[in-house]
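What follows is a short report on a single structure.
The values are calculated or read from the model by the stated rules, or taken from the named source; none is laboratory data. All values derive from a computational prediction rather than experimental measurement. Methodologically, a virtual Cβ is constructed for each residue, glycine included, from the backbone with ideal geometry; neighbour enumeration extends over all protein chains shown. In case anyone asks, the SASA skips ligands and DNA or RNA and just uses the protein heavy atoms, side chains included. Shrake-Rupley method; radii C 1.70, N 1.55, O 1.52, S 1.80 Å.
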Amino acid sequence: MEIKIFNFEPHGDSRGQLIALEENKDIPFDIKRVYYMYDTTPGVARGHHAHKHLEQILICVHGQCKIKLDNGHEIEVVDLNQPNKGLYVANNIWREMFDFSDGAVLMVLASEYYSEDDYIRNYDEFLKFIGGK
Ligand code: TYD
């Protein structure tokens, strides 16, 4: 499976680092929504779903976590451990987020507004959905 990781260029100087992300430049889609997870309960995994259309970039802006991506044929696990690293997650990919470090903040940039209709929350349904493509 092709894993697309963006290494964003920080504007660093003696004061520290700053990263700026612009839609359709640094991020390959219109950014319609931003959400983030924090205070994640130790040991929990989140996600466990796919999207029919939504594209996302995941950035662990503080701390670290792991992302499991499953296209129905292959599984890859990506470590998100730097605030300048963005993981692109396309549609039709089953994803799980886990192993959140203490204080981790996982920020997600999304190409669409929130829509429950776009979710596939059952793994067998996901396999059926991509099988029909
Ligand atoms: P959920 O899909 O369970 O999160 P995860 O993918 O991390 O398992 O979402 C948690 C709750 O937040 C659920 O009630 C839906 C709501 N939610 C929104 O209202 N807007 C959003 O953009 C997202 C991602 C979730």
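Structural remarks
- Boolean, residue 32 is open to solvent by 50 Å² or more (accessible area, probe 1.4 Å), within 14 Å of the ligand (Cβ to nearest atom) and under 30 Å from residue 128 (Cα atoms): yes
- Filter result for the condition that a residue is part of a loop (DSSP other than H, G, I, E, B) and either open to solvent by less than 50 Å² (accessible area, probe 1.4 Å) or within 12 Å of the ligand (Cβ to nearest atom) (or both), over 78, 44: 44
- Taking the criterion of being open to solvent by 30 Å² or more (accessible area, probe 1.4 Å), in a loop (DSSP other than H, G, I, E, B), within 13 Å of the ligand (Cβ to nearest atom) and not aromatic (Phe, Trp, Tyr), the residues of the stretch 82-133 that qualify are 112, 115, 121.
- Cβ-Cβ distances below 8 Å connect the following pairs, each with a first residue in the stretch 1-22 that is aliphatic (A, V, I, L, M), a second residue that is in a loop (DSSP other than H, G, I, E, B) and open to solvent by 90 Å² or more (accessible area, probe 1.4 Å), and a separation of six or more residues or different chains: 1/73; 18/11; 19/9; 19/11; 20/11.
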